[in-house]
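The values are calculated or read from the model by the stated rules, or taken from the named source; none is laboratory data. Just so you know, these numbers come straight off a predicted model, no measurement behind them. Side chains are part of the model used for accessible areas, which takes the heavy atoms of the whole protein and leaves out ligands, DNA and RNA. Shrake-Rupley method; radii C 1.70, N 1.55, O 1.52, S 1.80 Å.
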Amino acid sequence: MELRVRDGRAVLAGEDDSGEREVDPHSLPLGADLAEALHEWAKVADAVVRSETPADGVAGALVARRGKQLAGRIASVMNSPVSYTDPVSGELVSVDAPEAASVAVQTVVEDEQEPEPTPWGTGLTVSVITAAIVTVTVVSLSLGLGETSRWLALVANVLVVGGLAPSVWLGRSVPVWRWVAYGVVTGVLVAWLALILTLL
């Protein structure tokens, strides 16, 4: 398969039973984004060729480099080597498909990396401090409002816990914020237990 530019359009040429044939990239299973990128590159390449820019200029080098990148993407998608005809210099370059073995080795190496150890000391310290702050805050709020009305204290508790619940729920799986979430939950439970004991 060979990547070429024809009249500002990218085409892929290949051999079949009837001889050489050029096809539009949209007719192949390359994906719409890659096909559009090929046509955009072909328009730029055509404009550079039609202008009076010398072949060894910066624009020509950029067109050549982008063409090689796109040929590499085609080779990866099609899993076969792709030839690339540089529209500026006319040079024919072959781009090989990436080897599956190297990709597999890279995946295995990434899988073998050990996860980071859990920072129990620091995490539990954060949880204890957060629990203490939440406990004191909820108990103070409830006792202060309880002097006015017990129903008002109950409503305030429900509103505070309802406001904290979404953040705690989202933070429970985040590596750093999970310790704060554990502290908030513990603090609310301890505060409610202390409030129940004050009613007895």
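Here are the numbers for the structure shown:
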| item | result |
| --- | --- |
| Enumeration of residues in the range 126-184 that are open to solvent by 60 Å² or more (accessible area, probe 1.4 Å), at pLDDT 85 or above, among the hydroxyl-bearing types (Ser, Thr, Tyr) and not in a helix (DSSP H, G or I) | 148 |
| Count of the range 72-97 residues which are more than 22 Å from residue 43 (Cα to Cα), part of a loop (DSSP other than H, G, I, E, B) and open to solvent by 30 Å² or more (accessible area, probe 1.4 Å) | 4 |
